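Down below is the structure, laid out as structure tokens.
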């Protein structure tokens, strides 16, 4: 399935990938909320985006490793969603 073993990713690289994922998700949601119909005078509403295609600057094996660790959840069709631990 992957040609890079899970041990090949150090904690720093996984942390950078997770930070890039969170930033991409935040920007995608902000872009979605900036369209008409979400403003405070129009009844508002939040973005319904929960899963995104992860940034392509990291190989797919990184995202699979983060999903294996439980930090992301595979949502299908190459998208992942963030797992929020409470």
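General remarks:
- Meets criteria (on the phi > 0 side of the Ramachandran plot and touching a strand residue (DSSP E or B) at 6+ places or on another chain (Cβ under 9 Å)) for residue 70: no
- Qualifying residue in the stretch 44-53 (condition: over 21 Å from residue 86 (Cβ atoms), modelled with pLDDT of 95 or more and assigned to a loop (DSSP other than H, G, I, E, B)): yes
- Residue pairs meeting the criteria (Cβ under 6 Å; at least 6 apart or on separate chains; first loosely packed, with under 12 Cβ neighbours inside 10 Å, in the stretch 26-55; second at pLDDT below 75 and part of a loop (DSSP other than H, G, I, E, B)): 45/38
- When residue 9 is tested against (1) surrounded by 12 or more Cβ atoms within 10 Å (Cβ to Cβ); (2) at pLDDT below 95; (3) out of contact with any helix residue (DSSP H, G or I) (no Cβ under 7 Å at 6 or more places or on another chain), just one condition goes unmet, and that condition is (3).
The values are calculated or read from the model by the stated rules, or taken from the named source; none is laboratory data. All values derive from a computational prediction rather than experimental measurement. Every residue, glycine as well, gets a Cβ built from its backbone with ideal geometry; the counts of neighbours run over all protein chains shown.
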